[in-house]
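I have placed the structure first, in the form of structure tokens, so that the comments after it can refer back to it.
The values are calculated or read from the model by the stated rules, or taken from the named source; none is laboratory data. These numbers were taken from a predicted model, which means no experiment stands behind them. When we count neighbours, we look across all protein chains shown, and the Cβ atoms used for this are built from the backbone with ideal geometry, even at glycine.
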Amino acid sequence: MIDPIRHRQLEELDMVELCVRILSAARNELYVNMHFLDVSLSSLGFEADPSVPTLGTDGFVIFYNPDYLCGLYRKGRVYVNRVYLHMVLHCLFCHMDTKGKRAAGYWNLACDIAMESIIDGLYQKCVHAAPSPYRRDIYLRLKQKMRVLTAEGIYLALQEMNLTEKQYNRMAAEFTADSHERWYEEKTQSQAVPRQSRWNDNREKTQTRMEAMSQEESQSDDDRNLLEQIQAENRERYDYKRFLRKFAVLREEVQLDQDAFDYIYYTYGLEHYGNMPLIEPLESREICRIEDFVIVVDTSMSCSGELIRRFLEETYAVLSESESYFKKINVHIIQCDDRVRSDIRITSREQMAEYMKGFDVQGKGGTDFRPAFEYVGALQAQGAFTKLKGLLYFTDGKGIYPVHKPPYDTAFVFIQDQYRDESVPPWAIKLILDESQLLEQ
């Protein structure tokens, strides 16, 4: 007599072995067609989990529902390859670790759209499935807003669309390929950090391999689309605070220097000589902080008023941190298109808060950077600054630059995918910020 429990266990074991073969075959077929993904493709293990509705990953393992996976395989091998690649790309772009304060539903959808757009653009036989007219229309609408479809950029675009529940569900049904439940499971710091570090390393290796292929002219156009995405993700994300420290000046400030004060000798003097310490505490120390500073914003027609506002708020937030500015600060905020429209001098947090309350973009004309530099030069001649170290110019880069370098450091600040920098003079610093870094709440 056959033991029904034993029989069911054997059937489940056979099903797991079959699923492992299906996933292994998908991995091998992807590798044959995309050698540059070799490390990434082999970075995920397999584990059966009937509680998962479809397939999903936590960055270490692919969890799959055996019944769903077998049904997907019967539909076509291409569909298994696509979802495998979809999950690998989620890991490669660290989507599970970069949600931040974004709404989970829209972030999940943005990540899925970004990854599906890459796969639909590959035109590899092993993953190719003709996109629906609806899908092509979504891609077209998004590409009107950004050159490279990143999850961060798509998230902002979805927020601007003000989708109804019906529209959101329609879009989710079209682009959702895997389960993201494992992304948000509670993990210890030791688990979370290695995952992101591991996939950052994988992504850098992938870029190196793809760029080598590009130099050998053996890279197809569709592979270049993926390379652009990876390059965009690998682009250095500037630590804005560290960048602004370039403009700090060394100055002595009156305050107790605890590092230079030795309590042993101080106490020894009090004990042996009455009320006479051997060493008095130092009343000042030299520190690097930002004092004189100029922020110029391009108020021509091509610059977004909301981005200007957020840039000013972000910049002043960094400048006004206790370790970055002197008690007495001198920040000039200048609005300029083809001429200087306004100059507001800020000396305190309170003044900045008041200024931002009534902030309004003035100008909307053409773009000429020279008047701002001429104006700052005149302020210097009048003694408006003690020691001006730097000027930040927030712009899209479409204007006339000064020929000669000013006697202070200058940085032109651009928004990714919204600037032109062909004419930026060699003496200027270029800083490129991600729009999502400014617009995120």
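Residues in the range 127-153 that are modelled with pLDDT of 85 or more and not in a helix (DSSP H, G or I): how many?
9
Kindly list the number of the only condition in (1) outside any helix (DSSP H, G or I); (2) modelled with pLDDT under 85 that fails for G383.
That leaves (2) as the condition not met.
For the range 81-114, give me each residue that is at pLDDT 90 or above and among the small types (G, A, S).
A103, A104, G105, A110, A114
Just the residues that are of a type in the set (D, E) and either touching a His at 6+ places or on another chain (Cβ under 6 Å) or buried (at least 19 other Cβ atoms within 10 Å of the Cβ) (or both), please, taken from the range 364-421. Spell out the reasoning first.
So the first thing to find is which residues in the range 364-421 are of a type in the set (D, E), and the list is 368, 374, 396, 409, 417, 421.
Passing the criteria: only D396.
Might you let me know whether the range 53-64 holds any residue that is out of contact with any strand residue (DSSP E or B) (no Cβ under 9 Å at 6 or more places or on another chain) and aliphatic (A, V, I, L, M)?
Scanning the range 53-64 turns up no residue that is out of contact with any strand residue (DSSP E or B) (no Cβ under 9 Å at 6 or more places or on another chain) and aliphatic (A, V, I, L, M).
Quick one: which of F63, F93 is buried (at least 18 other Cβ atoms within 10 Å of the Cβ), out of contact with any helix residue (DSSP H, G or I) (no Cβ under 6 Å at 6 or more places or on another chain) and assigned by TED's automatic domain parsing to the domain that holds A129? Break it down into steps so the answer makes sense when it comes.
Numbers: F93 fails: out of contact with any helix residue (DSSP H, G or I) (no Cβ under 6 Å at 6 or more places or on another chain).
The unique qualifying residue is F63.
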